[in-house]
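The values are calculated or read from the model by the stated rules, or taken from the named source; none is laboratory data. Just so it is clear, the structure is predicted and the values come from calculations on it, not from any experiment. Cβ placement follows ideal geometry from the backbone for every residue including glycine, while neighbour counts extend to all protein chains displayed. Note: areas computed on protein heavy atoms with side chains; ligands, DNA, RNA excluded. Shrake-Rupley method; radii C 1.70, N 1.55, O 1.52, S 1.80 Å.
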Amino acid sequence: MLAQHLPALQVVIPLLAAPLCALFRRGFIGWLIAVAATWLAFAAAIGLLFRVLNEGVISYAMGGWAPPIGIEYRVDLINVFVLVVVSGVGSVIIPFARTGTAARFNDTDQAWFYAMYLLALTGLLGVTITGDAFNIFVFLEISSLASYVMIAMGRDRRALTAAYQYLIMGTVGATFIVIGIGLLWAMTGTLNLADLAQRIPEINDTRPVLAALAFLTVGISLKLALFPLHLWLPNAYAYAPAVTSAFLAGTATKVAIYLFLRFFYTVFGGGGFFESTPLPEMFLVLSVVAMFAASTVAVFQDDVKRMFAYSSVAQIGLITLGISYVSETGLTGAMTHLFNHAIIKAGIFMLLGGVMFRMASVKLEDMAGIGRKMPFTMAGIVILGLALIGTPGTSGFISKWWIVLAALEKDQWWLVALILLASLITMLYVGRIVEVAYFREPSAKAADVREAPLAMLIPAYVLVIATIYFGLDTQWSVGLAQRAAADLLAGIY
Amino acid sequence: MTDHHETEVPMAAPDEAPRWLDRKANVTKVAWALYIVCAVVILLDFPIHRHADTSFDGNFGFYGAYGFIGSVMLVLVAKNILRRIVKRPEDYYDD
Amino acid sequence: MIEFPPGLLLILGALPVPFLRGPLRGIWMLALPVAAFALLYSLPDGNHFPISAFGQELELLRVDALSRVFGYVFIIAIFLGVIYSLHVRAVEEHVSGLIYAGAAIGAVFVGDLVSLFVYWELTAIASVFLILARRTPEALAASMRYLIIQVGSGVLLLAGLIVRWHETGSIEFGHIGIDGAGGVLILLAFGIKAAFPLLHNWLQDAYPQATPTGTVLLSAFTTKLAIYALARGYAGTEELIWIGVTMTAFPIFFAVIENDLRKVLAYSLNNQLGFMVVGVGIGTELALNGAAAHAFTHIIYKSLLFMSMGAVLHRTGTVLATELGGLYKSMPFTTVFCIIGGASISAFPLFSGFVSKSMILSAAAHEEYYFTWLVLLFASAGVFHHSGIKIPFFAFFAHDSGKRPKEAPLNMLIAMGLASILCIGIGVWPSALYAILPFDVDFRPYTDSHVLAQVQLLFFSALAFTVLIRTGLYPPELRCTNLDTDWLYRRLGRRLLVRITSAAGAVQARFYGALNRRGQRFLLQLYRHHGPQGVLARTWPTGSMVLWVALLLFAYLFLYFLDIF
């Protein structure tokens, strides 16, 4: 009975929990609700995963209205994979959130913060699970607005500007997406993704459909911060509170990637579009430029959070590079990296949150000598940094391995060289942090800093351990990604 | 390269007794001992028949001559050619 | 019997070191190599530790004769290194030293290229801390250059193994050869670590910058791991002979004019590697035995030499020949140990270098590589010249600097003493070493003619030194920088980079300037009716983003429509 309604529960649990948090107006109670809601959502995602593995695609008619008139929630391997990642990261962050949030905000603000967090999560889960195009837009707006508030709550005044930029760009992106969806609706008369997928092949080369494709491409590229539409991301990640940065880095861009896959593979039909348009080439070029440009910028950042924000742009480039191959191996790599990078980046931003909590700065110069003062925090950052580089034994290596394989399949040796070269640049900025943290005399700020509180360390270490675990056992990450990739290419939905 | 962790290096006391090698005459003795040893080992070519590895190293004094000439060449080439090309001030790279 | 990789034992064993204090830490660190040695001794030949990870079968413990020789000597080296560094308080040096050694030992026993790559990179990353730990600005800069080159070698190895996997479908680490593109890439990766000519300069750049104890460890593992890898993958590749010959010859010229005595040793290390590379290139049983044996003896005497210079550095704060001299008066033991190391590297009969180097020379002569043989002979004389004579002479004798430092700490003396015993022991009783070589040994180093030839060569080389010094022809030691290939990246490369980036920056600035002017004009038009001018100033980053959005939209529209026009 319960299992039957899992698709609805996935979204409804955090959605109902959000106003509850706001109503109670007590930080601790809000936090308890958030913990319960996120972990229940995670459980629902896991439950859905097993259902999909057993039964195949699940179609759930919201409110009993059958599709295409009613809103359909449709769960297949691809989005259940993303659901697990998003709800998983979302639920690990919440236990971490308590210490920092309680120290900075009054009771009401804390409750608001958790409410917004849950709303953002609702939005992201909704985007992922729904089978209805307009519904996607609605959930997208929910998550954008909620994240806007979450960013604006950063301690830096620049957080406001960053949030404003985020809002503008998010709105522009969502508008483009809604224009694209509108065009498709005008042409086909349906908003149901599965229906759209059936009808589009017949009107494949009409101008409105192509225009829709263009609007969707740009809209989604904005959302996933694909170079050169990434400009909103570094500030947003850098000046937001640690919880927000970790959450957004681990989930928001990942959902945008899911959207991209969903539209371009499922709706626009099994990859046929990739042969008739130069989209893959365009994506390939932008991805490679993203990897290099953003990594290089990261090397020269003095604010470590900003450094890792730029690193995110580069890593997203790696994911889209995998997508641009339009091959099973490439998609496997992309989805595996979606999974791995969510864990790595959320972990890094959480650990940096610990640093921020202790010394109110994540400037590189202030972090001098911090390796001895906060050994566990820094060890965690180093391990996750190694994963970003793609060191074997960490999950980062696995994703890179698959994306390199995909390049090899196409005999694109130069790409292999570029990917490896980009890893070297990654090494440079991770190396900079290591050098400063371990081999400099402690800075004035770091002089009497203690290790981050356990309540922050433990959740972060869950992700650190996961990074190593998924570097060794790839059954869940690669195994699922591979099956999802095959489904994507086959156009199964 | 100079490290500073051991800043004070003890220096010789002014009244330190000179050692055997500090006298120039003794150094000359050492040199002469070397000359004699060289003469002896090269003359050993007569009583000991060296089994040759190649067609040319069986000749009398081959190894001695090769070692001497090779070393002189090495030093002179390094000093007069290589050093002229590669020598730069000590702080060359510190800019 | 426990079947566990000895390298992994050291790596895991390094982890608790930071939590141990006082004598317990020393005992633990000494116990690790002992346990690893016992473990390796108890293992029979064969594949003992296969695991499967990310869909590949990995072999972490392939024991055979070749890997065993290198395994033993690596374990001996870390044992000596631990004793030598017992006085060091900085814990990161201990941890990284053990991990570095463990990675090198691990690499020797892997049976596949992927695992090799993992350990290969681990040696690079772990060892860089031995340089960083010196904590001088020069060391920091050198360590970064070192790290980039070392990791670059790993990246080449990864690229090569992927290509090779693509070509052959196998990631086995056996004979590779240079027939395929993968083989060439992997050779290049090995070549960087083995300090092939033109790829060599990281060694002379970084080793003299490490801590006194760090250099001892550095000298033992990285390059010899590369020799092992070459012997495993490229035995009998004739090109290696020429590479090796070049390597034996050119570094000794640099060594003669170098003032930093640890840098002199780094050049001579490069020269010794040349002998081993020649041995691998010849590829006969005798030659490969020679390469392995020479690696074995070399690790020990080179460590000994670096230990003696490390002791000098530790006590006086410098190893510049111009600043030293006369130290024998207050550091007699160190002097004796240094001379023993010098005698070993110069291959004096009864010292360890003699019993291994002569194998390679004999193999060259036997296969009728006469030119090679002559160069190796010249290099032998040359190495005596700068390592056997120059190092002890300028540090401990020469003109008296007046410095009277204390004798080296006890633990350093013990390490040097043990290494000296090994050098002489192997020289006097080579049969024990010969017994563990990869192939059966049918070679007698101590024949009348071998001994006499070597003695003649060395004494006349010493004669040359004496004559040159006494006639004043010997080049005076100077405080100076000698250029090597590092000039390419430390000077030329940097200048180019600066020029390119400033040019690119100018172009970019002009481009963005133009773009922004256009964009602002566009926005100005847009906002003229809508709001106060102030809006513009605040939103220009947003404005430029919107501009990008518009540009991309047009680009996509154009590209998509292109198809149906």
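Quick rundown of the values:
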| read-out | value |
| --- | --- |
| Among A:Leu384, A:Phe137, A:Phe81 - extreme Cα towards positive end, dipole of chain A, charges at beta-carbon | A:Leu384 |
| Cross-link reach list, aspartates and glutamates versus A:Lys373, counting only Cα pairs under 14 Å and skipping chain neighbours closer than eight places | A:Glu441, A:Asp448, A:Glu451 |
| Cα pair count fraction exceeding 26 Å, expressed as % - the stretch A:278-493 | 35 percent |
| Other protein chain Cβ atoms within 10 Å, averaged over every residue that makes up C:253-259 | 5 |
| In nm, spacing of pseudo-spin labels at A:Glu409 and B:Trp20 (7 Å Cα→C-beta vector) | 7.9 nm |
| Selection from A:Pro234, A:Asn106, A:Val149, by position along the positive dipole direction of the protein assembly as shown (Cβ) | A:Asn106 |
| Over the protein assembly as shown: Rg over Rh, Cα atoms, Kirkwood Rh | 1.04 |
| Charge dipole (debye, nearest 20) of the stretch C:141-224; +1 at Cβ of Lys and Arg, -1 at Cβ of Asp and Glu | 220 debye |
| Stokes-Einstein D in µm²/s, Kirkwood radius over Cα pairs - chain C at 10 °C with 1.306 mPa s viscosity | 62 µm²/s |
| Chain C - mean residue ellipticity at 222 nm from DSSP helices (-39,500 (n - 2.57) per run, n ≥ 4, rounded to 500) | -24000 deg cm²/dmol |
| Peptides ranked, highest mean first, by Cβ atoms within 10 Å: ranges A:99-108, C:149-158, B:29-38 | C:149-158, A:99-108, B:29-38 |
| Cβ neighbours within 10 Å from other chains - mean over A:167-175 | 2 |
| Residue mean of other protein chain beta carbons inside 10 Å, C:547-558 | 6 |
| Dipole moment magnitude, nearest 20 debye, the stretch C:1-234 about Cα centre, only Lys, Arg, Asp, Glu C-beta charged | 740 debye |
| Cα-based helix-to-principal-axis angle, A:77-104 vs chain A, degrees rounded to 10 | 30 degrees |
| Lysine pairs in the stretch C:235-484 with Cα atoms under 20 Å, if 8 or more residues apart or on separate chains | 8 |
| Protein accessible area in the protein assembly as shown, 1.4 Å probe - carbon and sulfur % | 67 percent |
| Isotropic mean projected area of the C-alpha convex hull, the stretch A:74-130 (nm²) | 3.8 nm² |
| Within chain C, longest stretch free of exposed GluC sites (Glu not before Pro) [DSSP loop, at most 13 other beta carbons within 10 Å] | C:1-237 |
| Spatially proximal aspartates and glutamates relative to A:Lys305 (Cα-Cα < 15 Å; intrachain offsets below 8 disregarded) | A:Asp156, A:Glu365, A:Asp366 |
| Lysines whose Cα lies under 19 Å from that of A:Lys410, excluding same-chain neighbours fewer than 8 positions away | A:Lys400 |
| Whole-Å semi-axes of the ellipsoid equivalent to the stretch C:1-234 (Cα gyration tensor, √5λ, descending) | 28, 23, 13 |
| Ranked by how many other beta carbons lie within 10 Å on average, peptides C:173-182, A:10-19 from highest | A:10-19, C:173-182 |
| Pairwise Cα inverse-distance average, inverted: Kirkwood Rh of chain B (Å) | 19.0 Å |
| Per residue accessible area in Å² of the stretch A:278-493, where ligands, DNA and RNA are left out and the probe is 1.4 Å | 30 Å² |
| Chain A: projected area of the alpha-carbon convex hull, averaged over directions, in nm² | 20.5 nm² |
| Range of Cα positions in the stretch A:154-271 per principal axis (Å), largest first | 52, 22, 21 |
| Magnitude of the charge dipole, the stretch C:72-211, Cβ model with Lys/Arg +1 and Asp/Glu -1, debye to 20 | 360 debye |
| For the stretch C:1-234, with +1 on Lys and Arg beta carbons and -1 on Asp and Glu, the positive-most of C:Ile171, C:Val91, C:Leu8 along the dipole | C:Val91 |
| Cα gyration tensor shape for the stretch C:134-287, rounded if a/c is under 1.5, else prolate or oblate | oblate |
| Packing rank of C:427-437, A:134-144, where each peptide gets the mean count of other beta carbons within 10 Å, highest leading | A:134-144, C:427-437 |
| Span-like helix ranges in chain C, DSSP H, alpha carbon extent 27 angstrom or more, Kyte mean at least 0.0 | C:22-42, C:65-84, C:113-132, C:137-168, C:212-234, C:239-257, C:261-282, C:285-316, C:448-471, C:534-562 |
